[in-house]
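Structure first, commentary second.
Any read-out appearing in this document is the output of simple, stated calculations on the displayed coordinates, not a laboratory observation. What you see is a predicted model; the values in this text were computed from it and never measured. Heads up, the Cβs are rebuilt from the backbone with ideal geometry, glycines too, and the neighbour counts pull from every protein chain shown.
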Amino acid sequence: MHTNDLRQLAGRLMMIRLFGTELDTATADFIRANRIRGACLFRQNMTDAAQLTRFTGDLKDAMGAEALIALDQEGGAVVRALWVPPPPSAMALGAAGDANLARDVGAAVARAIRALGFNWNFAPVLDLNNNPQNPVIAERSFGADPEQATKLALAWMAGSESEGVACCVKHFPGHGDTHVDSHRDLPTVDKPLPDLTRFEFAPFRAAAPHAPAVMTAHIVYPALDGDNPATMSRAILHDLLRTQWGYEGVIITDGMDMHAIAHRYRAGDAAVNALVAGADMVMAIGNRETQEETVDAIAAAIADGRLPLAGVHARLERLDRLARAHPAGAVPYTTDAADRALMAQAWRRALTARGTLERPAPGAKVRLVARQDVVSDGVSEAGVPAGAIAAMLGQLFDVDLVTFADAETFDWGTLPDDGRFTILASTSRRRYGPHARATWTPDLHLALWNPYQALDFAAPALLTYGFAPPALDAVRAWLTGDIAATGHCPVPGF
């Protein structure tokens, strides 16, 4: 087979990252020359609806009718298009506990992103978060109960499917019980196989007949394969998922630039390893050099038989089937107002009380304590600034704002003991350390992101599972007594 033909077969098995906010000529040429059919867009690729719709349209033109144009629009802190109706996080829906609501939210998310030209959403998360120290999943999970989390995730997915957007359940076979972020290093989930089968694997197995796509985890599971992360494990992708469970949908890797992979393997080798293990598409999220290396490596593996041609065509058929069932291309969006109202309702229904909460009296003197910075961790969007929370509270109370750079070095003893009602607003996913936990207790803890932060202080807490504007609106409505906190946190310890 001619080298160009091999490269074009390889390109059909790849999803790339793009740089900038428009399709430049060099990238368009690279896509066309190698028949790249997948692209994943991130926040830095997006300015507004007009720009993004133009960008995805240009990508479809370059990639062809069976383009797969994807993003991570999970809800909560993991969203990329920020101007569309802001969906609640998975755990917020877990707290509401209503499968019909989850379906409606999934459909609304799909309507908004399909209008922007996307046909593939890397959601919902099927990880069961039972590890309070998990640094990257937490509120991205629907909860810790396999049956309930699966019910809500499948409902969310059905809603998306009803609006023509393919879902991708992740991170197979489970990222919930880790204390390491695979963006930073290679985690291990060292549990006996019966435990994995009963817990981590259960949502994925239940979703297998329904999910159009599954994303792999860069995690080692010694009970199945002590040498390779799931992304590169034939025992996990082929033997377990394909053969034992009979999964017929698309298997795509998580980003191959994540440190769990990129710090241990060359890009081309990693891509070939994943495809040999059973993946259908490699997410070559890297620069052009690593993308070229990936094309070359996959083409060489097809040429020398490590990737037999029959298997390559089977992969292409699965990807073609996904694209045909969910055509790319923007469609009109006419339900923005209704979808915003739906999202606001969902955020309100998620509000959860921990302990006996006291509302400050109208006009009371309040001291708000919050982090100075709200930087993105690379996975999630940046949190809500302390000033925004102070402004919201300032509509109701006399607010004194105190910010800290680092909770572990901050001198909590410097906070005045002047009778003000103290409110701690937690605006990052990071848990508090021993210094903060041991030296101060607020009157009210607003856990505006990671619900597990509510366990760090012996204080009454209001949990929102996210910091989007309608989540803050829900907090304000609770503070004024207009609504009650009726949610139930879907993980142990609350």
Per-residue HN-Hα couplings for region 191-200 [Karplus 6.51, -1.76, 1.60; θ = phi - 60°; Hz; x = Gly/Pro]: 10, x, 4, x, 5, 4, 5, 6, 10, 3
Distance between region 275-298 and region 332-386 - C-alpha centres, whole angstrom: 39 Å
Volume per residue that the Cα convex hull of region 351-479 spans, once the total is divided by residue count, Å³: 97 Å³
Average projection area in nm² (convex hull over Cα atoms of the chain, one quarter of hull surface): 21.9 nm²
DSSP beta bridges in region 1-125 [antiparallel fraction, %, rounded to 5]: 10 percent
Neighbour cut-off at most 16 other Cβ (10 Å), DSSP loop, trypsin sites (Lys or Arg not before Pro), region 271-333: Arg306
More than 15 Å apart - percent of Cα-Cα pairs taken over region 230-312: 55 percent
Between region 16-31 and region 96-120, the Cα center-to-center distance that results, in Å: 28 Å
Sorted by Cβ density within 10 Å, fewest first, the residues Thr439, Thr427, Thr21, Thr290: Thr439, Thr21, Thr290, Thr427
Beta bridge orientation in the chain: antiparallel %, DSSP, nearest 5: 15 percent
Spatial separation of Cα centroids for region 440-455 and region 179-251, in angstrom: 33 Å
Of the chymotrypsin sites (Phe, Trp or Tyr not before Pro) in region 11-47, those whose Cβ has at most 16 other Cβ within 10 Å and which sit in DSSP loop: Phe19, Phe42
Within region 351-479, percent of DSSP bridges classed antiparallel, to nearest 5: 15 percent
